[in-house]
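The values are calculated or read from the model by the stated rules, or taken from the named source; none is laboratory data. None of these values were measured; they are calculated from a predicted model. Glycine also receives a Cβ, built like all others from the backbone with ideal geometry; neighbour counts cover every protein chain displayed. These accessible areas exclude ligands, DNA and RNA; they are computed on the full protein's heavy atoms, side chains included. Shrake-Rupley method; radii C 1.70, N 1.55, O 1.52, S 1.80 Å.
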Amino acid sequence: MSTRSQLRFIQRSETADEQSETDRIAQIYRHSDGYPDSVLRDLVQLKQLLDETRTERGPAYAAAQFLFLDTLSTMTLYVDEGRDRSIHADQPSDLLEPDNMEHLDQPMFLLGHGVENPADGIHGDEEYLYVVELPTRNPFEEPSEWTVKVSGHSAFPRWDGPTEEAFDRASWQFHGPLEQALEELVAEPA
């Protein structure tokens, strides 16, 4: 069973009016592993990578980089496993050859994500919503903290069809620094 989620990436310094302008928001859909334990760990990994490489460039870039890294991580489920559902890849370009994937039935690394129009809200079958607030900064400045909002489990309007009010009406179980969200909401590995 999938745990679907939507993530919105925004600039933290914008006013509330600016944040509601959907052309200033990058929103993505994640079909699987949308629970806080997975999403927050992935966001921390993304932030660390962007900090080390000094490649944070705002919401649209962060959303695209999140999708890219998440696609890479799910692709490993299919590469060189020796199963019927694996892809033999001697070179990264092998993964781009459709003939190398014709034996796969709906590979999730090609289907597990979507770029969403924030004006449409959400699909209605998501279980979690996230808002990732990035600071307005010059890329050459020292990295600064990301803030996240994590909804409660299904704590927002849900129904068949777009739910444009979901982010406005969500009940948030956490709003604060990303690292603190990881500490408070993610269980330590056993």
Within region 11-62, the residues that are open to solvent by 50 Å² or more (accessible area, probe 1.4 Å), part of a loop (DSSP other than H, G, I, E, B) and either closer than 25 Å to D120 by Cα or at pLDDT 90 or above (or both) are R12, S13, T15, E21, D33, Y35, R57
Being closer than 19 Å to V39 by Cα, modelled with pLDDT of 70 or more, among the small types (G, A, S) and within 15 Å of the chain's Cα centre (by Cα) narrows G176, G112, G152 down to just G112
Within region 170-190, residues being surrounded by 12 or more Cβ atoms within 10 Å (Cβ to Cβ) and in contact (Cβ under 8 Å) with a residue 12 or more places away in the chain number 13
Within region 139-156, restricting to residues that are out of contact with any Leu (no Cβ under 6 Å at 6 or more places or on another chain) and free of Cβ contacts under 8 Å to residues at least 24 places away in the same chain, the one that is nearest to Q11 (Cα to Cα) is S144
Residues of region 155-173 being farther than 17 Å from V39 by Cα and either of a type in the set (S, T, Y) or modelled with pLDDT of 95 or more (or both), in sequence order, are T163, S171
>> Just to be sure before I move on: is T163 surrounded by fewer than 16 Cβ atoms within 10 Å (Cβ to Cβ) and more than 17 Å from the chain's Cα centre (by Cα) in the structure I sent?
In response: no
*If we scan region 73-89, do we find a residue that is closer than 28 Å to R158 by Cβ, open to solvent by less than 70 Å² (accessible area, probe 1.4 Å), modelled with pLDDT under 90 and not charged (D, E, K, R)?*
yes
Flag if R8 is at pLDDT 90 or above and surrounded by 14 or more Cβ atoms within 10 Å (Cβ to Cβ)
yes
Residues in region 147-160 that are open to solvent by 70 Å² or more (accessible area, probe 1.4 Å) and either among the basic types (K, R) or out of contact with any strand residue (DSSP E or B) (no Cβ under 8 Å at 6 or more places or on another chain) (or both) total 3
